[in-house]
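Novice: Pasting a structure below so you can have a look.
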Amino acid sequence: MLKLSRLRPSSNEGYLAWVLLVVIVTFSLLTNQFLTLQNLLDLTESYAVSGVFALGLFVVLVTGGIDISFAAVASVVQYLIATLAIHYGLSSPTGSILLAIAIGTVLGMINAILIYCLRIVSIIVTISMQSLLFGMLMWLTNGTSLYDLPDWLTTPIRVLPFSVGEQHYQIGLPVVVMLAVAALSWILLNKTHLGRQLFAVGGDQESARRIGIRVGLLHLFAYGYLGAMAAIGGLVQVYRVGEVVPNALVGGELDVLAAAVLGGASLNGGKGSVVGTLMGVFLIGVLKNGLNLVGVSSYFMNIVIGVVIVAAITVTHYKKRKETEVGFA
């Protein structure tokens, strides 16, 4: 007879897998529109940009930092690249992508310099940077959207097409980009000396410094990495919607942060995984998609998602407290 204890997850990813399974089964019973291949593919593509952002943010969280300016960085980058393409003849896809990544990386590194050199709390710096970048973007552009974009940035590309019966489907470019970023992040954090150092800094920054780890350079790398991922995510967003809307991305930062925390990342650093981060992103995506199909009000939808996030974080911290035998008494 199978013991229930064997079904108990041994990791945060295991708990998330069970939650995802329960949520998917529930919505499948509530509406027959949810568990269709087309809906699942659309859902995955819709949250690919959030996945790219969350993976970049996870690297910062690993070091014990936090950055919520990535959406503003993405907005600035996509507007700059589109403007250069429309008005100044920037036509090289490769050059445009490399320039976007360079700009995003520099903006991310500015955060790291302010945080590390001036000893300012990371959330204060990045809130200020988010407000500064987004405010300047809206002021200089008057909130004007851009539509006349180069073909390489908007033309749909058929990636991994397949058929099921007589129906034709494809895995879109945004999903492929997200998976590539996930693979890169996993290799970086799990298979390189640099990744081990990032976890060490998040675990105990002072101890890491004492054993010779250059903490400042690691912070510079982590925030620069998030800036690069923000730039990539911004370009993917333009590809998806076929336009540049200055305020399209700003406002969803907390969903991305919540997804990373749901995936097991600790705000104190040194914890989490790439797989867990992606699972957190798609748990939020499944909840929003399913509730929308069921016809739940968008206002109530935020309540449900908030409850799920609080519950998941509570379970994670309760489990950690039990493992370390730390209590309030």
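Novice: How high is the relative contact order of the chain, given as a whole-number percent (alpha carbon pairs under 8 Å, six or more residues apart)?
Specialist: RCO, the chain: 33 percent.
Novice: Using a 1.4 Å probe on the protein chains only, how many percent of the accessible area of region 1-143 belongs to carbon and sulfur?
Specialist: 69 percent
Novice: List the longest stretch of the chain that has no exposed loop site; here a site is one of the GluC sites (Glu not before Pro) assigned by DSSP to anything other than H, G, I, E or B, with at most 14 other Cβ within 10 Å.
Specialist: 1-165
Novice: Another question, if that's okay. What number does the chain give for Rg over Rh if you use C-alpha atoms and the Kirkwood radius?
Specialist: Ratio of gyration radius to Kirkwood radius: 0.98.
Novice: Take the alpha-carbon positions of region 44-166, form their convex hull, and give its projected area averaged over all directions (one quarter of the hull surface) in nm².
Specialist: 10.2 nm²
Novice: Here's something else I'd like to know. What share of Cα pairs, in percent, lie more than 19 angstrom apart in region 173-272?
Specialist: When every Cα pair of region 173-272 is considered, 53 percent fall beyond 19 Å.
Novice: Let me ask something else. Just how far, in whole angstrom, is region 102-175 from region 245-263 if you go by their alpha carbon centroids?
Specialist: 11 Å
Novice: On to the next question. Mind listing which trypsin sites (Lys or Arg not before Pro) in region 188-239 are in a DSSP loop and have 15 or fewer other Cβ atoms within 10 Å?
Specialist: Answer by residue number: Arg214.
Novice: What does the charge add up to near Thr31, with Lys and Arg as +1, Asp and Glu as -1, over the other residues with Cβ less than 15 Å from its Cβ?
Specialist: It works out to a net charge of 0.
Novice: For Phe162 and Ser28 in one chain, what is 0.36 nm times their gap in residues minus the Cα-Cα distance, to one decimal in nm?
Specialist: Between Phe162 and Ser28, full extension yields 45.9 nm more.
Novice: Follow-up question, since we're still on this one. Output the peptides 32-38, 274-280 sorted from most to least packed, where packing is the average of other Cβ atoms within 10 Å over each peptide's residues.
Specialist: 274-280, 32-38
Novice: With a 1.4 Å probe and all protein chains left in place, how much accessible area per residue does the chain have, in Å²?
Specialist: Accessible area per residue: 51 Å².
Novice: Next question, about the same structure. Apply the Karplus parameterisation 6.51 cos²θ - 1.76 cosθ + 1.60, with θ equal to phi minus 60°, to every residue of region 116-127 and state each ³J(HN,Hα) to the nearest whole Hz, in sequence, with x for glycine and proline.
Specialist: These are the phi-based 3J(HN,Hα) values: 7, 6, 9, 6, 9, 4, 4, 5, 5, 4, 6, 5 Hz.
Novice: Would you please name the chymotrypsin sites (Phe, Trp or Tyr not before Pro) within region 123-167 that are DSSP coil residues with at most 15 other C-beta atoms within 10 Å of their C-beta?
Specialist: Tyr147
Novice: Let me ask you something else. Can you work out the Karplus-derived ³J(HN,Hα) for every residue in region 144-160? Use 6.51 cos²θ - 1.76 cosθ + 1.60 with θ = phi - 60°, whole Hz, and x for glycine or proline.
Specialist: 6, 7, 10, 10, 7, 8, x, 4, 5, 8, 10, 5, x, 10, 6, 10, 6
Novice: Starting from the 7 Å offset along Cα-to-Cβ, what nm value, one decimal, do you get for the label separation of Glu243 and Ile113?
Specialist: Simple spin-label model gives 3.6 nm for this pair.
The values are calculated or read from the model by the stated rules, or taken from the named source; none is laboratory data. All figures in this text were calculated on a predicted structure; none of them were measured in a lab. Reconstructed Cβ throughout: ideal geometry from the backbone, glycine too, with neighbour counts over all protein chains shown. Calculation scope for accessible area: heavy atoms of the full protein, side chains included, ligands and nucleic acids excluded. Shrake-Rupley method; radii C 1.70, N 1.55, O 1.52, S 1.80 Å.
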